[in-house]
Amino acid sequence: MKRALAVALVLGILVLPIFNVAAQAAEYKVGFCVMTLAFTWMTYSYQAVIDEAAKYPEIELIVDNANGDVSRQVEIIENFIAQGVNAIITDPIDVNTLIPVMEEAERRGIAFATFDRRAFGGPFLFHVGCDDVFGGRLALEHVAAKLDGVGKIVHIEGQLGSSPAINRKKGIHEQLVYYPELKLVYEQSGQFSREEGLRVMEDAIIATGGDFDAVICANDDSALGAIQAIKDAGIDLDDVIVVGYDGVPDGLRAILAGELNASIQYPVSMASLVMKQVAEYLISGKMPENPDFDMLPWMLVKSNLSQWADFWPELE
């Protein structure tokens with residue numbers, strides 16, 4: 001194993017094999033399909049699930065990575081069902097694809113829990129997420145306040161078909177109706193990635209002729225790409241309001257540097273909470289008070305980072 005890891009490191013390959021946590025003396029098997037590790041926030045939530053599972057010697061956690069592929073996510077969950085796991089945890093890549101396997105898990109008496117993302121209409125025992133409609137409203141309100149309700153906005157959406165992207169966009173559009181002099185002049189998916197955020201922002205600059213006052217991004221990764229495109233185009237960042245989402249460490253650093261104006265904190269604690277709920281349900285039959293729970297996100301700006309940013313300790 002050490003030799004394999006060394007070779008992987010030399011070749012620059014990130015390998016995420018299937019592995020088991022707390023396999024010895026475990027009474028219950030929990031399959032955890034992480035939808036991808038390509039997004040910064042996902043790497044933290046992935047680790048939060050693993051760390052929480054390690055607190056329960058009764059739980060064997062079987063982990064696999066869908067790498068952003070919806071077909072692969074279905075295949076992994078089908079494999080979990082075939083293995084006879086007691087519970088499955090995942091964050092659905094999109095809102096539709098997992099519904100048949102969720103229904104199959106329900107038929108077999110397997111507890112199904114989702115976090116971060118929803119499968120609209122799919123049966124689940126627990127869901128722990130975040131009120132992304134509210135988060136979208138927060139982002140739009142921040143821009144409206146900074147622009148005194150007058151200006152042109154570029155919106156870099158998240159991954160199409162994912163519930164966070166759908167709901168963050170919904171919140172922005174719903175709040176926008178209160179500001180008739182705020183206009184969306186460009187809107188396109190940046191796929192939650194820095195590279196796509198940069199590309200979409202480059203296209204937006206061309207399409208608008210550089211005539212925009214604010215950029216709202218579906219996450220910090222795409223916001224950092226957008227910031228790079230703005231700087232590459234020779235546009236003064238002091239003249240543009242840029243808002244991200246997630247509150248990851250690089251986003252916080254960009255806020256401190258004065259490049260990102262704000263970020264909406266997406267609490268990573270939802271990942272550890274869903275693992276805790278599943279473990280307590282399997283071990284003692286305990287059901288949470290609210291099995292369908294959305295946390296509220298909150299606004300991060302330079303003045304409150306040390307008090308309110310989940311990842312501030314990493315910067316210290």
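The values are calculated or read from the model by the stated rules, or taken from the named source; none is laboratory data. Just so it is clear, the model here is predicted, and its values are computed rather than measured. Quick reminder, even Gly has a Cβ in these numbers, built from the backbone with ideal geometry, and neighbours come from all protein chains shown. Accessible surface is based on the protein model in full, side chains and every heavy atom, while ligands, DNA and RNA are left aside. Shrake-Rupley method; radii C 1.70, N 1.55, O 1.52, S 1.80 Å.
Being assigned to a loop (DSSP other than H, G, I, E, B) and under 13 Å from residue 248 (Cα atoms) is the filter here, so list the residues in the stretch 302-316 that pass it.
Matches in the stretch 302-316: 309, 310, 311.
Inside the stretch 85-105, can you point out the residues that are charged (D, E, K, R) and under 20 Å from residue 273 (Cα atoms)?
Correct list: 91 only.
What are the residue pairs meeting all of these: first residue in the stretch 254-269, first residue aliphatic (A, V, I, L, M), second residue at pLDDT below 95 and assigned to a helix (DSSP H, G or I), Cβ atoms under 9 Å, and 6 or more apart or on different chains?
256/315
Looking for whichever is open to solvent by 10 Å² or more (accessible area, probe 1.4 Å), touching a helix residue (DSSP H, G or I) at 6+ places or on another chain (Cβ under 7 Å) and part of a helix (DSSP H, G or I) here; the options are 273, 252, 282, 224. Which one fits?
Sole residue among the options that is open to solvent by 10 Å² or more (accessible area, probe 1.4 Å), touching a helix residue (DSSP H, G or I) at 6+ places or on another chain (Cβ under 7 Å) and part of a helix (DSSP H, G or I): 224.
If you check 114, 90, which single one turns out to be in contact with a His (Cβ under 9 Å, 6 or more places away or on another chain) and touching a residue at least 40 places away in the same chain (Cβ under 8 Å)?
114
Kindly check whether there is at least one residue in the stretch 78-86 that is in contact with a strand residue (DSSP E or B) (Cβ under 9 Å, 6 or more places away or on another chain), within 30 Å of residue 177 (Cβ to Cβ), in contact (Cβ under 8 Å) with a residue 12 or more places away in the chain and small (Gly, Ala, Ser).
No - not one qualifying residue is present in the stretch 78-86.
From the list 71, 45, which one is open to solvent by less than 30 Å² (accessible area, probe 1.4 Å), of a type in the set (S, T, N, Q) and part of a helix (DSSP H, G or I)?
After applying the criteria, what remains is 45.
Yes/no per residue for (1) at pLDDT 95 or above; (2) assigned to a loop (DSSP other than H, G, I, E, B); (3) crowded, with 19+ Cβ neighbours inside 10 Å:
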{"residue": "165", "(1), (2), (3)": "yes, no, yes"}
{"residue": "171", "(1), (2), (3)": "yes, no, yes"}
{"residue": "178", "(1), (2), (3)": "yes, yes, no"}
{"residue": "185", "(1), (2), (3)": "yes, no, no"}
{"residue": "207", "(1), (2), (3)": "yes, no, no"}
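Can you name every residue in the stretch 255-270 that is open to solvent by 30 Å² or more (accessible area, probe 1.4 Å) and more than 30 Å from residue 27 (Cβ to Cβ)?
Hits for the stretch 255-270 are 256, 257, 258, 259, 261.
Which is out of contact with any Gly (no Cβ under 6 Å at 6 or more places or on another chain), in a loop (DSSP other than H, G, I, E, B), surrounded by 19 or more Cβ atoms within 10 Å (Cβ to Cβ) and not aliphatic (A, V, I, L, M), of 212, 192?
212
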